[in-house]
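Here the structure comes first, spelled out in structure tokens, and everything after it is commentary.
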Amino acid sequence: MDVIAVNGTQYQVDTSGGRPLLWVLRDQLHLTGTKYGCGLALCGACTVHVDGQPTRSCVFPASAAVGHQITTIEGIGQTTVGQKVQQAWAQQNVPQCGYCQSGQVMAAAALLSNNPQPSDTDIDNAMAGNICRCGTYVRIRQAIHSIAGN
Amino acid sequence: MADQSGLTRRSFLQVSATAGGGLLAAWYLPLLSPPAQAAAAAQQQAFQPNAFVRITADNWTTVIVAPAELGQGTMTAPPMLVAEELDADWNLVRFEQAPPTLPYSNPRIVTQLTAGSFVIVSRYQQQREAGAAVRDMLVQAAARQWNVSPATLQTRNSTVIDPVSGRSATYGSLAAAAAVLPPLLPKLKDPKDFTIIGQPKARLDGAQKANGSTQYGIDVYLPGMLTALIARPPRFGGRVVSYDASAAMALPGVVEVHQIPGGVAVVGTDFWAAKQGRAALKVKWDLSTAENITSADLYTSYGKLMAFPGTVRRYDGDVALARATAAQSLQADYSFPYLAHAPMEPLNVVIDYSPGNCEIWCGTQWPDADRLAASTVLGVPADLIKFHTMLSGGGFGRRGSVDNDFILDAAHVAKAVRGKVKVMWTREDDITGGHYRPAAVCRLTATLDQAGKLSSFTGRVAAQSVAYGALPELAVKVLGIDIRATEGLENMPYAVPNVEVDVHTVTNQVKVLWMRSVANSFNIFALETFVDELAQAAGQDPYQFRRGLLRNNARLLGVLDAAAQAAGWTTPPAAGVSRGIAALAGYGSYIAQVVEASVSGGQLGVLRGVSAVDCGIAVNPDLVKAQIESGIVFGLSSALMGAITLQDGVVQQSNFHDYPVLRMHQAPQTETVIVNSGESPGGVGELGVPCVAPALANALYGLTGKRVRSLPMSNQSLSLS
Ligand code: FES
Ligand code: FES
């Protein structure tokens, strides 16, 4: 048993067998906002923040999370940036099926925290790892710009 | 719409009769069964006069939504229809997913399939009637309380108002009194009085999808629930001979291994255990009769069929005569690969098959069919299975499985486990699991007469059939979705006197299924790029050439003109940029799209996608636009990079690295113009998909001088920058 800190709370979890953080969050903590999409760091659906850095939790061993601050979609709304992203997403009808959007929100929040006025190229670079099969890219870009403009 | 509303009325009458509400015998909206009504009432003192609307004392209106939400906005648009006629306060409206019971069947097909872009088409009248009827009951209740004539009362924002005395009462406060009144068949609003329909309202599920709290099927966790993964044969049609589970069972967390008809299920305490267990499982497969095709050979064999006539789908005039007198003849062959839907949420089913309980949670496009399929395996009558249709992380057709594959597999696992189990699919299972958009080869021919006019057109398609026979022919007709492989060609919109369209229905063991825009996804590519070739042969501008052939199709002509205008068709594009155009009538709607692209050093840039859409009354114009934006990305993913290929029967792709889809930096800028014809609503879920690829290919011709005859374009050394 290991202890990991998720959204400011300490949890005792089983990190054995190389269990990725994603499956500890989902199957043990039932923090289901973080999604499984590919398991190979290809789609971004599982994006969480490890000490503020966007990280693909499907390939990040849970044991490596010990001693670090993990933030998930359930916690990001506590930050000013996270709250703004979530509000802009809802107001501008960004989500469609919504399944990728936890990851998109986490990636966008990390981008905007580091770079409050991102250019289109900055957005492309920060968001290229997050697939949206519903094709909400245009609105994600608009929503990020709208937050940057405020 | 005339025969359609007739059908609606009839199916409702049937429903009322079986639901047995003697009290409301003349009532044509589906009723809740008496026990369900009692339960709802007991639960929250709710007023629920019909299957779709519930009003509670706190003045909230809950709209019970029958179709499945896959991303298209189903939890928002039907509630808007109800709220409009109910005069509900939109800020006090919420949604709830309906169970898979008869009152919630699609009124056109009497099953609860969500497909074919027909949620709004088929529910527009029904949902408005549901709202209007409830409004009428509330007005009657207020009129009785105040002892005035109902005709003198008004409704606004979930409140009944008496303008004479200034009195008002909220719907919530009238609910109890209204519940005992007989519902009537009230008049619906004139569209000019709409205050909610036509507004770009925010999605009711937008906030919860932005904060991760939406519960999809994959998010269901039950106490003591196990997780299973299924080892499936490496080739379609393979079967288990034997298996050795010793290594798998030796791993921590692996608790059971069961053979089921579809393969071998490894059951663990969590996903990770099941995944490790499946990797350690050894299965001996019988592949003696399994599929062994290779994609290249498949195209060759389909191509050979092009020389022979197939089953005729359309036969107008005399093509042979037109050919004999033609000034020019053109012919082109096209080939298209299998495609995987790859919804972001991999398939999954949770079943609680414990003694005395049978309950299923599943994101599906066809919950009643899936429940019935599960009942045959589990031996529990379908209506005793509690079935929860979950919001889906995408579907695109994959969750409307004609052979009910994922639910049957899961039911077999649950039957063996006899407890609570989540049956999961990895992304690899999804990409290799078949149920693909069929591969296809098309041959198009046409002739131009001495005057340069299009005098004949033929289309021939070779493909597997996705679902022919799965739905009764009548249902398919009424539904208006065409699941035939010649969709898009046999109903092509251009005026030509002589037309022949035929089809070769090919069979093999690769499982195929409808995918977003079905056969339009390939036939419209062939047709709309071929029309550009014809325009060139006729020495005309592709836009003007189409105009000339669409004189009798005002709505298609309307969107064609609107798209050309919005894209600035008549002003030349920037240096190094080329434009292409394509158009489609389908799903009761009309679309034309213009794509701007550039190429440098083999790198293709898709810069801009301009769409003009006539979907009749746009219930929520912002969600219409969202669907078109979505369709563009989906269509481009397929056209540019999508291909499932087989080598000796083995699928060669497995995840997003070798089955890529469009990403943020590859998506074009989009603009969508809604042309408001004021007609009844048409569908938009698939509408944005078919034209974007041919419009792009037509733009590319202006840059490369080459016609694209096979997809994906990545095979022609054009990759996306
Ligand atoms: S699930 Fe982690 S990147 Fe796709
Ligand atoms: S909203 Fe469906 S995958 Fe992005």
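Being open to solvent by less than 10 Å² (accessible area, probe 1.4 Å), part of a loop (DSSP other than H, G, I, E, B) and either modelled with pLDDT under 95 or more than 9 Å from chain B (Cβ to nearest Cβ) (or both) is true for just one of A:GLY37, A:GLY33, A:GLY44. Which residue is that?
When all the criteria are applied, what remains is A:GLY44.
Being part of a strand (DSSP E or B) and touching a residue at least 12 places away in the same chain (Cβ under 8 Å) narrows it down to one residue among B:ARG555, B:ARG579, B:ARG551, B:ARG547; which is it?
Every option except B:ARG579 fails the conditions.
So A:VAL3 clears everything in (1) open to solvent by less than 20 Å² (accessible area, probe 1.4 Å); (2) of a type in the set (Val, Ile, Thr); (3) away from ligand 1 (no atom under 16 Å from the Cβ); (4) touching a strand residue (DSSP E or B) at 6+ places or on another chain (Cβ under 7 Å) except one condition, right? Which one?
All conditions are met except number (1).
Do any residues in the stretch B:208-220 that are farther than 17 Å from B:VAL421 by Cα have Cβ atoms under 6 Å from those of residues that are open to solvent by less than 10 Å² (accessible area, probe 1.4 Å) and more than 13 Å from ligand 2 (Cβ to nearest atom), where the two are at least six apart or on different chains, and which pairs are they?
The qualifying pairs are B:GLY212/A:GLY33; B:GLY212/A:ILE73.
Determine if the stretch B:383-399 includes at least one residue that is over 19 Å from the mean Cα position of the chain (by Cα) and within 30 Å of B:VAL684 (Cα to Cα).
Yes - at least one qualifying residue is present in the stretch B:383-399.
Cβ-Cβ distance below 7 Å, separation of 6 or more or different chains: which pairs start in the stretch A:58-76 with a residue that is on the phi > 0 side of the Ramachandran plot and within 15 Å of ligand 1 (Cβ to nearest atom) and end on one that is part of a loop (DSSP other than H, G, I, E, B) and among the β-branched types (Val, Ile, Thr)?
none
Among the numbered criteria (1) touching a Gly at 6+ places or on another chain (Cβ under 8 Å); (2) closer than 26 Å to A:LEU21 by Cα, which single criterion is violated by B:TRP285?
Of everything listed in (1) touching a Gly at 6+ places or on another chain (Cβ under 8 Å); (2) closer than 26 Å to A:LEU21 by Cα, B:TRP285 misses just condition (2).
Restricting attention to the stretch A:48-67, does a residue exist that is at the interface with chain B (Cβ under 7 Å from one of its Cβ atoms) and either crowded, with 24+ Cβ neighbours inside 10 Å or not in a strand (DSSP E or B) (or both)?
So far as the stretch A:48-67 goes, no, none of its residues is at the interface with chain B (Cβ under 7 Å from one of its Cβ atoms) and either crowded, with 24+ Cβ neighbours inside 10 Å or not in a strand (DSSP E or B) (or both).
Hey, any hits in the stretch A:9-19 for a residue that's open to solvent by 10 Å² or more (accessible area, probe 1.4 Å), farther than 30 Å from B:PRO200 by Cβ, within 11 Å of ligand 1 (Cβ to nearest atom) and not in a strand (DSSP E or B)?
So far as the stretch A:9-19 goes, no, none of its residues is open to solvent by 10 Å² or more (accessible area, probe 1.4 Å), farther than 30 Å from B:PRO200 by Cβ, within 11 Å of ligand 1 (Cβ to nearest atom) and not in a strand (DSSP E or B).
Can you pull out the residues in the stretch B:341-364 that are away from ligand 1 (no atom under 16 Å from the Cβ), open to solvent by less than 10 Å² (accessible area, probe 1.4 Å) and within 14 Å of chain A (Cβ to nearest Cβ)?
Matches in the stretch B:341-364: B:HIS341, B:VAL350, B:GLY363, B:THR364.
Which of the residues that make up the stretch B:212-228 are on the phi > 0 side of the Ramachandran plot and at the interface with another protein chain (Cβ under 9 Å from one of its Cβ atoms)?
Correct list: B:GLY212 only.
Could you tell me how many of the residues in the stretch B:647-681 are crowded, with 18+ Cβ neighbours inside 10 Å and either at positive phi or out of contact with any helix residue (DSSP H, G or I) (no Cβ under 9 Å at 6 or more places or on another chain) (or both)?
1
Taking the stretch B:76-91, which residues are aliphatic (A, V, I, L, M) and either surrounded by fewer than 24 Cβ atoms within 10 Å (Cβ to Cβ) or part of a helix (DSSP H, G or I) (or both)?
Of everything in the stretch B:76-91, those that are aliphatic (A, V, I, L, M) and either surrounded by fewer than 24 Cβ atoms within 10 Å (Cβ to Cβ) or part of a helix (DSSP H, G or I) (or both) turn out to be B:ALA77, B:MET80, B:LEU81, B:VAL82, B:ALA83, B:LEU86.
Counting only residues that are closer than 30 Å to A:ASP27 by Cα and modelled with pLDDT of 95 or more, give me the strands (runs of 3 or more DSSP E) lying completely in the stretch B:380-491 with at least 3 of them. Walk me through it before giving the result.
Working: elements: B:386-389, B:420-424, B:440-448, B:454-463.
In the stretch B:380-491, B:386-389, B:420-424 are the strands (runs of 3 or more DSSP E) which contain 3 or more residues that are closer than 30 Å to A:ASP27 by Cα and modelled with pLDDT of 95 or more.
Which one of A:GLN87, A:GLN83 is more than 16 Å from ligand 2 (Cβ to nearest atom), closer than 22 Å to B:MET75 by Cα and not aliphatic (A, V, I, L, M)?
Of the residues listed, the single one that is more than 16 Å from ligand 2 (Cβ to nearest atom), closer than 22 Å to B:MET75 by Cα and not aliphatic (A, V, I, L, M) is A:GLN87.
Could you say whether any residue in the stretch B:125-132 is closer than 30 Å to B:VAL402 by Cα and outside any helix (DSSP H, G or I)?
no
Return yes or no: is A:TRP89 within 10 Å of chain B (Cβ to nearest Cβ), open to solvent by less than 40 Å² (accessible area, probe 1.4 Å) and within 14 Å of ligand 1 (Cβ to nearest atom)? Talk me through it step by step, then tell me what you get.
Numbers: within 10 Å of chain B (Cβ to nearest Cβ): yes; open to solvent by less than 40 Å² (accessible area, probe 1.4 Å): yes; within 14 Å of ligand 1 (Cβ to nearest atom): no.
Criteria not met by A:TRP89.
In the list B:GLN536, B:GLN509, B:GLN565, B:GLN540, which residue meets the criterion of being modelled with pLDDT under 95 and surrounded by fewer than 20 Cβ atoms within 10 Å (Cβ to Cβ)? Reasoning before the result, please.
Numbers: B:GLN536 fails: modelled with pLDDT under 95; B:GLN565 fails: modelled with pLDDT under 95; B:GLN540 fails: modelled with pLDDT under 95.
When all the criteria are applied, what remains is B:GLN509.
Each row is one residue, and each column tells you yes or no for (1) surrounded by fewer than 18 Cβ atoms within 10 Å (Cβ to Cβ); (2) touching a helix residue (DSSP H, G or I) at 6+ places or on another chain (Cβ under 7 Å); (3) outside the structural domain of B:ASN620 (by TED's automatic domain parsing).
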position	(1), (2), (3)
B:PRO200	yes, yes, yes
B:THR227	no, yes, yes
B:PRO234	yes, no, yes
B:VAL240	no, no, yes
B:ALA247	yes, yes, yes
B:GLU256	no, yes, yes
B:ILE260	no, yes, yes
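What are the residues in the stretch B:297-338 that are at pLDDT 95 or above, surrounded by 13 or more Cβ atoms within 10 Å (Cβ to Cβ) and either at positive phi or in a loop (DSSP other than H, G, I, E, B) (or both), if any?
Answer for the stretch B:297-338, where residues must be at pLDDT 95 or above, surrounded by 13 or more Cβ atoms within 10 Å (Cβ to Cβ) and either at positive phi or in a loop (DSSP other than H, G, I, E, B) (or both): B:MET306, B:GLY317, B:ASP318, B:ALA326, B:ALA327, B:PRO337.
Please verify whether A:LEU22 is part of a helix (DSSP H, G or I), surrounded by 17 or more Cβ atoms within 10 Å (Cβ to Cβ), within 13 Å of ligand 1 (Cβ to nearest atom) and not assigned by TED's automatic domain parsing to the domain that holds A:GLN101, treating the condition exactly as stated.
Numbers: part of a helix (DSSP H, G or I): yes; surrounded by 17 or more Cβ atoms within 10 Å (Cβ to Cβ): yes; within 13 Å of ligand 1 (Cβ to nearest atom): yes; not assigned by TED's automatic domain parsing to the domain that holds A:GLN101: yes.
Considered against the rule, which asks whether it is part of a helix (DSSP H, G or I), surrounded by 17 or more Cβ atoms within 10 Å (Cβ to Cβ), within 13 Å of ligand 1 (Cβ to nearest atom) and not assigned by TED's automatic domain parsing to the domain that holds A:GLN101, A:LEU22 comes out as yes.
When the stretch B:53-75 is examined, which residues are found to be assigned to a loop (DSSP other than H, G, I, E, B) and either within 13 Å of B:TYR124 (Cα to Cα) or under 19 Å from the mean Cα position of the chain (by Cα) (or both)?
Residues satisfying the conditions are B:ALA66, B:PRO67, B:ALA68, B:GLU69, B:LEU70, B:GLY71, B:GLN72, B:GLY73, B:THR74, B:MET75.
Sort out which residues of the stretch A:119-150 are surrounded by fewer than 17 Cβ atoms within 10 Å (Cβ to Cβ), within 16 Å of ligand 2 (Cβ to nearest atom) and at the interface with another protein chain (Cβ under 9 Å from one of its Cβ atoms), and write them in order of number.
Across the stretch A:119-150, the qualifying residue is only A:ALA128.
Among the residues of the stretch A:106-118, are any facing chain B (nearest Cβ under 7 Å), open to solvent by less than 10 Å² (accessible area, probe 1.4 Å), in a helix (DSSP H, G or I) and closer than 23 Å to B:PHE656 by Cβ?
Scanning the stretch A:106-118 turns up no residue that is facing chain B (nearest Cβ under 7 Å), open to solvent by less than 10 Å² (accessible area, probe 1.4 Å), in a helix (DSSP H, G or I) and closer than 23 Å to B:PHE656 by Cβ.
Against the condition in a strand (DSSP E or B) and without any contact (Cβ under 8 Å) to a residue 40 or more places away in the chain, how does B:VAL266 come out, does it pass?
Taking the combined requirement at face value, the residue satisfies it.
Within the stretch B:202-211, is there a residue that is within 11 Å of another protein chain (Cβ to nearest Cβ) and either of a type in the set (Asp, Glu) or in a strand (DSSP E or B) (or both)?
Yes, the conditions are met somewhere in the stretch B:202-211.
The values are calculated or read from the model by the stated rules, or taken from the named source; none is laboratory data. Computed from a prediction, not measured in an experiment: that's the story for all the values here. Cβ: placed from backbone, ideal geometry, glycine included. Neighbour counts: every protein chain shown. We work out accessible area using only protein heavy atoms, side chains counted, and drop any ligands, DNA or RNA first. Shrake-Rupley method; radii C 1.70, N 1.55, O 1.52, S 1.80 Å.
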